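Beneath this line is the structure, given in structure tokens, with notes to follow.
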Amino acid sequence: LAAGLVDKARAEAERFIDAVWPQGAEIGVPIVGLEPSCLLTLRDEFQVMNLGDRAKHLAENSYLLEEFLEREVAAGRITEPFGTLSKTIHVHTHCHQKAFGADSPVLSLLKRIDGATVTPIESSCCGMAGSFGYQSETYDTSIAMGELSLLPAVRAAGADDLIAADGFSCRHQIADGANRDATHVAIILQSALRNGLTA
């Protein structure tokens, strides 16, 4: 879709809907996604491709991991804390998360980890933007975008601090532009929960 292949994107969207429809509609299983650009495409772009009521129903029952877990906490089905991790976590949220207001569940969920200090990185787009940062004609622009705030903030983070980023592209931009490994929130939660079991 980002490359302008609208017909192919629509066909792929229809294939996805056909694949998940029985579980999503008949059983009521929510769709939980890890990659913001993918899951939020279901909630946004799928809705403007004239894919019908099935796309709308699935969008209404789709969540990013952090949104889903925060929903479960609010319903009392999960109790705090989410493990233990004595680390400072610097959080870069994906553009799609920012655009849909889905960044606050990321921060609130990480704050449920005992011992964690959670610091949002005030940044706009990381600059990678899917394949944008890999194209020779847009590489310099991509790096310049990262250098506006994200990459300097990552470089300033302590050596033992964690950098959290859900976006695949964001993690690559951080690795290439700041020589630091960024970690998906799911992996950070896994580490915290394992610590909590042994604490």
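The table below lists the values:
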read-out: Pairwise centroid distance, computed over Cα atoms, of segment 93-155 with segment 64-83, Å; value: 23 Å
read-out: Length added when fully stretched, Asp53-Ala159, from 0.36 nm per residue minus Cα-Cα; value: 33.3 nm
read-out: FRET E, pair Ala144, Cys38, Förster distance 25 Å, beta-carbon r, rounded to 0.05; value: 0.45
read-out: The chain, relative contact order [Cα under 8 Å, separation at least 6], %; value: 20 percent
read-out: Rg followed by Dmax, in Å, when segment 90-199 is reduced to its Cα trace; value: 14.3, 51
read-out: Thr79-Leu5 pseudo-label distance in nm [points 7 Å out on the Cα-to-Cβ vector]; value: 5.0 nm
read-out: Highest-fluctuation residue, Thr183, Thr41, Thr79 considered, GNM on the chain with Cα pairs under 10 Å; value: Thr79
read-out: Förster radius 41 Å - calculated FRET efficiency between His172 and Glu60 (Cβ-Cβ, nearest 0.05); value: 0.85
read-out: Among (i) 41; (ii) 50; (iii) 44, the entry that matches percent of Cα pairs over 23 Å apart as calculated here; value: (ii)
read-out: Amide H within-cut-off set for Ala182, under 5 Å, with H built and near neighbours excluded; value: Ala175
read-out: Solvent exposure of the chain as accessible area per residue, Å², 1.4 Å probe; value: 52 Å²
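The values are calculated or read from the model by the stated rules, or taken from the named source; none is laboratory data. Given the structure is predicted, the values throughout are model-derived calculations rather than measurements. Ideal geometry is used to build each Cβ from the backbone, glycine not excepted, and the neighbour counts take in all protein chains shown. Just so you know, the surface numbers come from the protein's heavy atoms only, side chains and all, with ligands and any DNA or RNA stripped out. Shrake-Rupley method; radii C 1.70, N 1.55, O 1.52, S 1.80 Å.
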